Each structure stands twice: as C-alpha cells, then as structure tokens.
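This report concerns only the one structure given below.
The values are calculated or read from the model by the stated rules, or taken from the named source; none is laboratory data. Given the structure is predicted, the values throughout are model-derived calculations rather than measurements. Positions of Cβ are backbone-derived with ideal geometry, glycine not excepted, and every protein chain shown enters the neighbour counts. Surface areas here come from the heavy atoms of the whole protein model, side chains and all, with no ligands, DNA or RNA. Shrake-Rupley method; radii C 1.70, N 1.55, O 1.52, S 1.80 Å.
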Amino acid sequence: MSMTPVVGIVGSDGAYGRWLRRFLAQRLGLEVIGHDPADPQSDSPETLLERAQVLIFSAPIRHTPALIADYVARSAGREAGRLWLDVTSVKSAPVEAMLASQAEVVGLHPMTAPPKAPTLKGRVMVVCEARLSQWQPFVQQLCGALEAECVRATPEHHDQVMALVQAMVHATHLAQAGVLREYAPILGALPALMPYRSASFELDTAIIARILSLNPAIYEDIQFGNPHVAPMLDRLLAQLQQLRAQLEQGDDAARTAFRQQLLLDNRDSMGTEVLADGNYTFERVGYLLADLTERNAISVHLPEDRPGSLRELLHVFERHRVSLASIHSSRTPAGEVHFRVGFVAGSDALALQAAAIEIDASGIGRVLVR
C-alpha cells in the first residue's frame, strides 16, 4: 500500500469526476487516470484495473451498482489489497456491490454538488468505512486534504437519513415550484412575487432555483434510488392532509388541534437548544440577505490570493473616509474569490468613485460592479 497511489476514476468526465481529478492531482500530487464513455480519449477500464491502486466510482446512482459489478467481474481478484470508493448519494447498493470484490471498501457522499472551491471546506462528507484496514492512513489523509466535516455512518443509516436530509427537502421544494407554476397565470411568475418576499420565501425560492439549475438526473436518482423515500413521502403527505382536514373543519377545535399537533408537539420534540440555534441561524441568513440587497455596494476581485490583500483593499476605503456596512466573499464558477463591500447609508458618492478608481489603478483588485 502506497501513500502516493495511482488513482483511477470511473466517470472521470462527469462533474464530480472532473473535480476529483483536479483535487487529487493538485492537492495530493497523485497520478490520476480515468475512464468515461463520454470521453473517447479516456483510459480503458482494463487500464484502470491494471494500474490503479485506488479506484473511485463517480457515476450516476442508478448505474453505479451494475457498473461496480462489471468491474468486479473484469478485475477477477486483481483488486485484492487495493482500495475501492464511490461518491454517490445512495450508499447501500453501491457499497454492497463493492463488497463483492476483494478490495477494501469505503463509500463517500459529499453533501454538496462539486464546489467552486478547491476543497470541501465548510461542507459535510459522509464516510461509510465498510471494509478498511491497511488503507486507513490513506483514507485519513484523503479526508484531511478534502477539509470536509466527515461524519461516519453505516450505508443503511446513511440512506435512511438521506430520505429526510435530501429527498424530503427536494420533494417539498419541487412541489412548491409546481404550485408557483400553476399560480403564475393568475398572480404572475416569480419575479412578480419577489417584491412581496419574506426572508423565508426568498430562501425557499433560492433553494428551488438551485435544484432547477443542476442536473435533473441527480435529483431523480435521489428520489427513485433510495428505498426509504416512499415511506417518508407517505408521512409527509399525511402531515399535509392533516392540515388540509383541519382547514376544512375550520372551527376552534381544529385550530386547537393545529396549534397542538403542528406547532407545540413539534416544538417540544426538537428541544429548546435546537430551536434557539436554528432560529439564530435563520436570523443570520436574514441579515446576509439584507446585506446582499444593499445597492450602495461594489464587488471587487482580488487577483493575488495572499495574506494582506484584503487589508490593503480596506485601507483604500479608509483613506477615502468611506465607512463599510458589510463585507462578504463568494466564488465564481471559475473559482475566483469576489468580495462584495456594502457602505453605510449616505456615503459620499464621489469618495466611493475615487476609491474604486484607486483600486483599479493600483492593481490591488479589479472592481466588477459599482
């Protein structure tokens, strides 16, 4: 077992395959080979089985178990002493398929689409160590380099939890999207509703937009590929039907039942600390949304990612006597870090313009939006 193994990626031309290839090569300095039917220039499955000490399956969920079974048959025992991993959103079937091999087996589930950032810092990754011994140090090295918050789980428990964490969230927001579509001829499309937005509505529509912007096959497989989703949907429908029945009844008894069942019982089951933490998180996100809608702001790209760059940017505003109200960072699809700087109400427009000109002229940064 080598700490610098050759890594093979099955599905190397997919979104996560491409991200993993860059990460493994740039962050860990590993040689990475890959096969993907969409890339005629990619390596053959036989090359991966012959050369890769670590094999990663990064394919659509519905195809992954059969794909793994094919590699088990092709490998015919050569995988003994090697490490096989998968990065799908459902774990039981892929892990079971990998366990039919003689390789050590770990299932991984990064709880995010391939990020714009170079690592998974700030994100969660579920780790299912199904059969792991001599490759334990490498897996620890991999998890450390990914910088994710790693959560250990069995494949079965993972899939049960994902029915709530992923499938329920996606299902409810897809249902909301359908309702918004049906009301559009009456009240207008989403842009016509946004002037009336609450923070909750804005957050929900942002999640809807996120889901509708990504690969629909992923969301389809999360619903159809997890056997725990259908029972969850039964419970979700029962909760909505209960509310609908109470509205139909409409009397004081129905209102009392609503308060007790949907509010008080749920509140008690979550606990005071969880509610306080969640409410605080919502308030912080609300403040962020307010900051991002502030029009008195500029966005700046700092081309040099080095200590002190942000301090130099802030000193420009200080020299021009401009007071900041907020500052937030984000990444573009290309991975550039942009800072959005908001200013207090009544800031001198000429001073802001002068600061922006200095930022551009000095080379500290590139002003994107004024």
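Among the strands (runs of 3 or more DSSP E) contained in the range 14-110, which hold 1 or more residues that are of a type outside the set (A, V, I, L, M) and more than 21 Å from ASN226 (Cα to Cα)? Passing ranges, in order: 32-35, 83-86, 104-110. Among the residues of the range 107-125, just one is surrounded by 23 or more Cβ atoms within 10 Å (Cβ to Cβ) and in contact with a helix residue (DSSP H, G or I) (Cβ under 6 Å, 6 or more places away or on another chain), namely GLY107.
The range 213-316 holds helices (runs of 4 or more DSSP H) entirely within its bounds, and those carrying 1 or more residues that are aromatic (Phe, Trp, Tyr), open to solvent by 60 Å² or more (accessible area, probe 1.4 Å) and at pLDDT below 95 map to 252-258, 272-292.
If you take the residues of the range 65-80 that are under 29 Å from the mean Cα position of the chain (by Cα) and aliphatic (A, V, I, L, M), which of them is least open to solvent (accessible area, probe 1.4 Å)? The selected residue is ILE68. Of the residues GLN141, GLN134, the single one that is part of a helix (DSSP H, G or I) and either touching a helix residue (DSSP H, G or I) at 6+ places or on another chain (Cβ under 6 Å) or farther than 26 Å from HIS228 by Cβ (or both) is GLN141.
Pairing each residue of the range 354-368 that is under 13 Å from SER299 (Cα atoms) and in a helix (DSSP H, G or I) with any residue that is charged (D, E, K, R) and at pLDDT below 90, provided the two are 6+ apart or on different chains, yields C-beta distances under 7 Å for ALA356/ARG370; ASP360/ARG366. Taking the options ALA113, ALA117, ALA38, ALA73, name whichever one is out of contact with any Phe, Trp or Tyr (no Cβ under 6 Å at 6 or more places or on another chain), modelled with pLDDT of 95 or more and small (Gly, Ala, Ser). Unique residue meeting the criteria: ALA73. Based on this model, can you work out whether ALA52 counts as touching a residue at least 40 places away in the same chain (Cβ under 8 Å), in contact with a strand residue (DSSP E or B) (Cβ under 8 Å, 6 or more places away or on another chain) and closer than 23 Å to GLN134 by Cα? Criteria met by ALA52. LEU289 fulfils the conditions (1) hydrophobic (A, V, I, L, M, F, W, C); (2) closer than 23 Å to MET162 by Cβ; (3) in contact (Cβ under 8 Å) with a residue 40 or more places away in the chain; (4) touching a helix residue (DSSP H, G or I) at 6+ places or on another chain (Cβ under 7 Å) except for a single criterion, (2).
Scanning the range 81-123 for residues that are on the phi > 0 side of the Ramachandran plot and more than 13 Å from the chain's Cα centre (by Cα) turns up just one, GLY81.
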